[in-house]
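Q: Have a look at this one.
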Amino acid sequence: MVTKFNYDDLLAHIGTFGTYQIRNFVLLCIPVILCAFHKLSSVFILGKMDHRCKLNENDMIFRLSNDSTVLNEILNASYPYDIKKGFSKCEYYTGNYYTSSNNFTAREIRKCSEYVWDYEKFQTSAVQTFQLTCDKDSFKAWSDSLFMIGVFLGSFAFGYLSDKFGRRKVFVLSLICQLIFGLLTALSTNFIMFTIFRMIVGATTSGVFLVAYCLSLEMVGKESRMIAGVVFMMFFSLGFMLMGVLAFFVTDWRFYQISLTIPGLIFLAYWWIIPESTRWLLANNRKYKAIKQIKKIALSNNVEVPKEMLDKLVENETDNTDPENKGKKATALDLFRQPHLRSKALLIFFNWFVVSGAYYGLSWSSGDLSGDPRWNHIMSGAVEIPGYIILILTLDRFGRKKVLACNLTFAGIMLMLSILVPSDINWLVNTLTMLGKMSITASYGTMYLFSVEQFPTVIRNVALGCCSMSARVGATISPFLIHLAQTWKPLPFLIFGIAAFCGGFFSMFLPETYKMDLPDSLADADKIGKSNNNDIKNGELKVLKGKDYIEDA
C-alpha cells in the first residue's frame, strides 16, 4: 500500500510536541480558564438567596433564626403556611390579627411588594438586584438558557469564520468581544440588558474555546493529541475551581463579574504571539506562509527540514480533495452528503447533546447543595481532575470508543442509582452524583478528542461548531430540567442518567480513531471505519487517500 506524505509525517521529523508546540499549547490553554469563568458564573452572580416578604422597615425575621420561639410566632402571624412548601415566601398576611389559643387569623393575603433577603450563602446576587423571585422565579433558568443559546449561535458562527478566515484572527476577535460584553454584563441596569450581554458573552466563549482547542490539536502530532486534549480540558476544570476561590474574596456580584472578565486584557497580546494553524494554511493553499511557519517550528525545535520534504508536503496537502470537488469550499451540509459520514455525525451530535446537558446540569446545581456554595463549587470542579486522569491512563490503551462508551454508561448508572437513596442520606446522594459528574467529565474530554479525529481539516472547525451547537441544545434545556426538582427532587438526575446510558450504548456504533492520522479531506473522513482488517498493521490504522484507497481496496 502506498500512502501519501502528509503533515503528520512531517511532524514526526520536526517534532510532534517539541519546544515550539509546548510553548504555544500552554499559551492557548490559559484563556480556557476565562471560558470556565463565564460559562459557570451564574452559580454566583445568579445565586439563589432565601427571602420572605418585607413586613415593615424594622423587619428582623432572618436575624431571629436562632430564637425558634419568637421566630415561629412571627412566621405564624405573618405568612400563609402550606404543609408541602412551608411558609410562603411570596405572600403575607395584612391587617389586624386576633389571637386565641395560639391561633392567628388574618383579614387579607397579599403578594410581596418588597423582600427581606438572607445573606447566609450570598452577600449579593443578580437575583436580588433584579428581583428574580416568586412570579419571576423562572427568569434565572431563562437567563442560563439564553446564555447557552448564545453559545449555540457562537459555535456555528465562529466555527464558520475560523475555517474561512483562519483560526488566529477569529480567536483574538472572540477575546475582544468577550472582554467588552463581559464588562457590560456587570454594568447592566435591568434584567433584559443583563441577559442580552450574557448571551453575547456566551457566543464568545465558543470562539475562544473551540478555536483554541482546534489550534492546539492541529499543531501537535497524532502521538501527542490525546495528552494535549486532556490537559487542555484540565484548564477548564482549573477555572472551575478558581471561581470558588475568587468568591471568598469578591462577594458583590457586579465586582465578581468584572473580576472574571478583566484578565481578558492580557490575552489581546496573543495577536502578536499565537501563530496561525499550519494545517489550515496548507488546507487553504497558503503554501508559502505554511512553509515559512514550518521552518520556524523546525528552528525552534532545533532540527532541519529538507527542501524535498517540504515540496512533497505542499504537493500532497494542497491536493487533498476529490477531482470533482476540487475548488469547492466545504460546508456543514457536506457532513450529511455521504451515508457513512452522516451516520457518524448524527451519533456524535447526539452524544454531545447528552454529555453537555448532564455536565452543565450537575455543575449549575452545585450552588443548590447544602453547605457553603463556594466549597461545593470547588469540590465540583476538583472531582473533574480524576476523570481526566482516567482518560490519560485509558485512552491510548483501550481506544476512544470503549472509553467513551464505558464512561457514559457508568455515569448513567450512578445518576440513576442516586434516586434510589433516601433523601436524608445526603452524603451517599452526593457521592453518587459526584461519581456521575466525574464520568460525565471524562466523557466530555473524550468527545472533544474523538470529534477532532473524526472530521477533516477542511471542515473541522465547522464540524466542531455543529458538535458544540448540539451540546448547547442540551445545555439550553438543562436549566429547565433542574427546575423540575421543585416537582420531584431526583427527577433531573433520572433524566440525565437515562440519557447518559443511551449515549454509552450508541457510542459503540462509532468507528475507532486511535493512532489514525487526522483526515484532511471529506473523502478521508468518510473512509474512517470502512477499512478492513488488512489495513490494520502493527496496531496502527492509516487513513487511505485518493488513488491509494482505490488500489488497496
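The values are calculated or read from the model by the stated rules, or taken from the named source; none is laboratory data. On a predicted model such as this, the values are computed, not experimentally measured, just so you know. Cβ sites come from the backbone with ideal geometry, for glycine too, and all protein chains shown count toward neighbours. The accessibility values were calculated without ligands, DNA or RNA, using every heavy atom of the protein model including side chains. Shrake-Rupley method; radii C 1.70, N 1.55, O 1.52, S 1.80 Å.
Q: Ignoring ligands, DNA and RNA, please state the percent of accessible area on the range 424-491 from carbon and sulfur, probe 1.4 Å.
A: Carbon and sulfur: 72 percent of the exposed surface of the range 424-491.
Q: With the crude spin-label approximation of a point 7 Å out along Cα→Cβ, what separation in nm comes out for LYS164 versus GLU308?
A: About 4.2 nm, to one decimal.
Q: Sorted by mean Cβ packing within 10 Å, highest first, what order do the peptides 229-241, 189-201 take? It would help to have the intermediate numbers written out before the result.
A: Details: 229-241: 21.7, 189-201: 18.3.
Ranking the peptides 229-241, 189-201 by packing returns 229-241, 189-201.
Q: Report the gain in length on full extension from THR431 to CYS90: 0.36 nm times residue separation, minus Cα-Cα distance, nm rounded to one decimal.
A: 119.4 nm
Q: Compute, for the range 201-292, the length of the dipole vector about the Cα centre, with Cβ point charges of +1 (Lys, Arg) and -1 (Asp, Glu) only. Units Debye, rounded to 20.
A: Value, rounded to 20: 460 debye.
Q: Once you place label points 7 Å from the Cα toward the Cβ at HIS340 and ASP135, how far apart are they in nm?
A: Here the answer is 6.0 nm between the modelled labels.
Q: I need the calculated FRET efficiency for the pair ARG23 and LEU420, taking r as the beta carbon distance and R₀ as 30 Å, to the nearest 0.05. Please list the in-between numbers first.
A: Numbers: r = 50 Å, r/R0 = 1.67.
It comes out at approximately 0.05.
Q: Among 353-363, 404-414, 125-135, how do they line up by average Cβ neighbours within 10 Å per residue, starting with the highest? Each step should come with its number before you reach the end.
A: Numbers: 353-363: 26.4, 404-414: 23.9, 125-135: 19.8.
Result, highest mean Cβ count within 10 Å first: 353-363, 404-414, 125-135.
Q: With every protein chain left in place, what is the accessible area per residue of the range 363-454 in square angstrom, probe 1.4 Å?
A: 38 Å²
Q: Roughly speaking, to the nearest percent, how much of the range 153-294's 1.4 Å accessible area is carbon and sulfur?
A: Carbon and sulfur atoms account for 76 percent of the accessible area of the range 153-294.
Q: Taking the solvent-accessible surface of protein heavy atoms with a 1.4 Å probe, what is the per residue accessible area of the range 153-312 in Å²?
A: Roughly 42 Å² per residue, with all protein chains present.
Q: Another question about this same structure. Grab the other residues whose beta carbon is less than 13 angstrom from that of VAL170, score K and R as +1, D and E as -1, and report the net.
A: +2
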